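Before any comments, here is the structure.
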Amino acid sequence: MTGIAFEDFTPGTVIEGGPVTVTEAEIVAFAREFDPQPFHLDPEAAKATFVGRLIGSGWQTAGFGMRLLQEHVFRGATSMGSPGINELRWLRPVLPGDRLGISVRVETCRVSNTKPDRGFVGFAMTVLNGDGERVMTQIFTVMFPRRGAAPLPPRAVSRQEVVPPEESDDVEMLPFLEAAPIGAVRDLGAHHFTPDAVTAFARAYDPQAFHLDPEAARHTHFGALCASGWHTAAAWMKRLHITRGRDVAHTATSGPVPQLGPSPGFRDLRWLAPVYAGDSIRYSCALIDKRETASRPGWGLATHQNTGVNQRGETVFAFTGSVFWQWAPEA
């Protein structure tokens with residue numbers, strides 16, 4: 001594995017790479033695990049949805065972007081992780097057979113003020129399909145070691161036995177967006193990150209040493225095997241759909257169920273602390289804003305604030321997202 005350092009990046013440099021070809025089997029497999037919406041699962045069922053055809057999950061597109069980033073920008077090496085994503089936009093659906101590539105511009109480079117062994121590199125990345133159309137843009141920061149600097153010791157990780165959480169049976173009525181109260185919070189339950197799941201996700205989307213190999217991870221600044229940030233985000237989506245599934249069944253007993261559409265993107269995603277193999281993260285979702293859309297009659301756009309908290313009560317994950325949500329029942 002080649003090395004990569006902070007000094008290898010210069011503002012204004014553009015790095016391109018790819019392609020990776022997206023298969024229908026990959027789209028469906030990811031959806032079954034993390035994002036089981038009809039327009040990700042089944043070409044026939046997708047025809048009757050907001051989207052009208054089978055498309056890849058946006059979270060999977062982010063994962064493909066990460067795979068290409070690690071291969072071409074990190075040159076197959078391991079960074080020191082990312083504190084988060086300033087903004088991500090899903091601009092065009094990813095379809096079966098699409099060949100995805102990336103164009104990444106180095107925006108900023110700065111040395112850490114508090115940890116002299118590392119620096120922060122700001123990137124602007126565009127993911128393009130085989131026709132050169134933009135499917136996703138992302139503005140984000142990554143940490144890299146400084147060449148020649150003595151590394152700080154790895155983080156001391158105190159492991160404790162965590163019992164995987166039992167699935168809740170709580171239910172709530174699902175409102176149409178017009179009637180949904182601002183400030184409403186939905187507990188999404190907890191996801192347990194097993195070592196096997198952590199490494200499997202990393203092999204597919206984020207093959208960095210601290211996600212792949214427990215022994216190698218011990219010698220990184222994380223100090224132990226930890227989940228990809230995109231795995232943490234995908235698990236939020238998984239918990240959202242598990243919880244929503246119960247709420248859909250409950251709501252359907254007494255009336256129509258509001259549909260969800262795709263998401264145009266999110267902002268201010270923060271990975272605030274590592275999610276270690278064996279951790280359980282409890283997620284929540286709060287509605288913070290809503291508006292009816294003029295371009296899609298009968299639909300609205302919801303803005304939601306989301307968090308993930310580990311078994312020690314530490315907030316490890318947060319972001320502000322948006323999603324199309326059916327505004328009112330059909331007349």
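The values are calculated or read from the model by the stated rules, or taken from the named source; none is laboratory data. This one's a predicted model, so the numbers in the text were calculated from it and none came from an experiment. Cβ coordinates were reconstructed from backbone atoms using ideal geometry, including for glycine residues, and neighbour counts include every protein chain displayed.
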Exercise for the section: Scan region 68-98 for residues that are among the aromatic types (Phe, Trp, Tyr) and either part of a helix (DSSP H, G or I) or within 15 Å of the chain's Cα centre (by Cα) (or both) and report the count. Expected result: 1
Handout entry: Selected residue (criterion: surrounded by the most Cβ atoms within 10 Å (Cβ to Cβ)) from residues of region 99-122 that are of a type in the set (D, E, K, R) and in a strand (DSSP E or B)
Key = Arg118
Handout entry: Pro83 being farther than 28 Å from Arg105 by Cβ and either of a type outside the set (Lys, Arg) or out of contact with any Leu (no Cβ under 7 Å at 6 or more places or on another chain) (or both)
Key = no
Practice task
Residue by residue through region 296-331, note down the ones that are touching a strand residue (DSSP E or B) at 6+ places or on another chain (Cβ under 6 Å) and without any contact (Cβ under 8 Å) to a residue 24 or more places away in the chain.
Solution key: Thr303, His304, Gln305
Handout entry: Criterion violated by Asp117 - all others in (1) assigned by TED's automatic domain parsing to the domain that holds Thr78; (2) in contact with a Phe, Trp or Tyr (Cβ under 7 Å, 6 or more places away or on another chain) satisfied
Key = (2)
Exercise for the section: Taking Val51 as the residue in question, decide whether it is crowded, with 18+ Cβ neighbours inside 10 Å, of a type in the set (A, V, I, L, M), over 16 Å from Arg105 (Cβ atoms) and in contact (Cβ under 8 Å) with a residue 24 or more places away in the chain. Expected result: no
Exercise for the section: Could you tell me whether region 156-163 includes any residue that is over 27 Å from Ala197 (Cβ atoms), outside the structural domain of Arg92 (by TED's automatic domain parsing) and among the acidic types (Asp, Glu)? Expected result: no
Completion exercise
The residue that is nearest to Glu167 (Cα to Cα), considering only those in region 277-295 that are free of Cβ contacts under 8 Å to residues at least 40 places away in the same chain and not hydroxyl-bearing (Ser, Thr, Tyr), is Arg291
Exercise for the section: Working only within region 122-133, note down all residues that are touching a Phe, Trp or Tyr at 6+ places or on another chain (Cβ under 9 Å) and within 16 Å of Gly17 (Cβ to Cβ). Expected result: Phe123, Ala124, Met125, Val127
Practice task
Being farther than 16 Å from Ala46 by Cβ and either surrounded by 18 or more Cβ atoms within 10 Å (Cβ to Cβ) or not assigned by TED's automatic domain parsing to the domain that holds Arg134 (or both) is the filter here, so list the residues in region 21-35 that pass it.
Solution key: Phe34
Handout entry: Looking only at region 123-148, and only at residues there that are surrounded by fewer than 17 Cβ atoms within 10 Å (Cβ to Cβ) and over 18 Å from Val106 (Cβ atoms), the one that is farthest from the chain's Cα centre (by Cα)
Key = Gly148
Practice task
Please state which of the following conditions Ser112 fails to meet, knowing it meets all the rest: (1) closer than 21 Å to Tyr205 by Cα; (2) in contact with a strand residue (DSSP E or B) (Cβ under 6 Å, 6 or more places away or on another chain); (3) hydroxyl-bearing (Ser, Thr, Tyr).
Solution key: (1)
Handout entry: Residue list for region 86-98, filter: crowded, with 22+ Cβ neighbours inside 10 Å and farther than 13 Å from Thr126 by Cα
Key = Asp98
Practice task
Return the total of residues in region 118-158 being aliphatic (A, V, I, L, M) and farther than 22 Å from Gly84 by Cβ.
Solution key: 4
